[in-house]
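Some notes on the structure that comes next.
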Amino acid sequence: MDAAEDRRSPSTEAVTGPLAVGRGVTIPARDLSWRFSRSSGPGGQGVNTTDSRIELSIDLTACEGFTADQRARVLERLGPRLVEGVLTIAASEFRSQLRNRRAARERLAAQLAEALAPPPPRRRATKPSRGAVARRLDDKARRAKVKQLRKGHFD
């Protein structure tokens, strides 16, 4: 949706409904908390009158959209970003409140989807082959010999 279309039909359906995170997880709209404030930066006279900065918060400890396992995984992975179990996303890059609301929802969904993703498979430990070890030692010996010859000592 471009900026002109955004001005013509400021539909708020995309920012007021439930938040689809992915993997079958949907956050009910009642679990999302919005705060609006004045945004800093460019914007002319409108910047002083429009509450276009958005803070979207979700209390992960009380959210009904997660199972117990999902909640534990999200709380563990997002732990450093949480304040008393609440994750807050701020958006103020656009001059339009509606576009900032969309951006905040998208970022929140991306953060939650990343936190819900299963852990990557564990790395299988391997060791270098005998041939690789021998080649490395031969290269080391050759390099040492070159450096020894540069010194001018011939022992």
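The values are calculated or read from the model by the stated rules, or taken from the named source; none is laboratory data. Since we're looking at a predicted model, the values are computed, not measured. Areas reflect the complete protein model, heavy atoms only, side chains present, ligands, DNA and RNA absent. Shrake-Rupley method; radii C 1.70, N 1.55, O 1.52, S 1.80 Å.
List of remarks:
- Stretching residue 78 away from residue 20 to a fully extended chain increases their span by 19.0 nm, per 0.36 nm per residue minus the current alpha-carbon distance.
- Counting only protein heavy atoms and using a 1.4 Å probe, the accessible area of residue 93 comes to about 110 Å².
- The residues of segment 50-107 expose on average 54 square angstrom of accessible surface per residue, using a 1.4 Å probe on protein heavy atoms.
- Altogether, the Stokes-Einstein calculation at 4 °C and 1.567 mPa s, with the Kirkwood radius of segment 64-119 over Cα pairs as Rh, returns a diffusion coefficient of 105 µm²/s.
- For segment 122-136 and segment 47-94, distance of Cα centres in Å: 45
- Fully extended contour minus Cα-Cα distance, from residue 33 to residue 88, at 0.36 nm per residue: 18.9 nm
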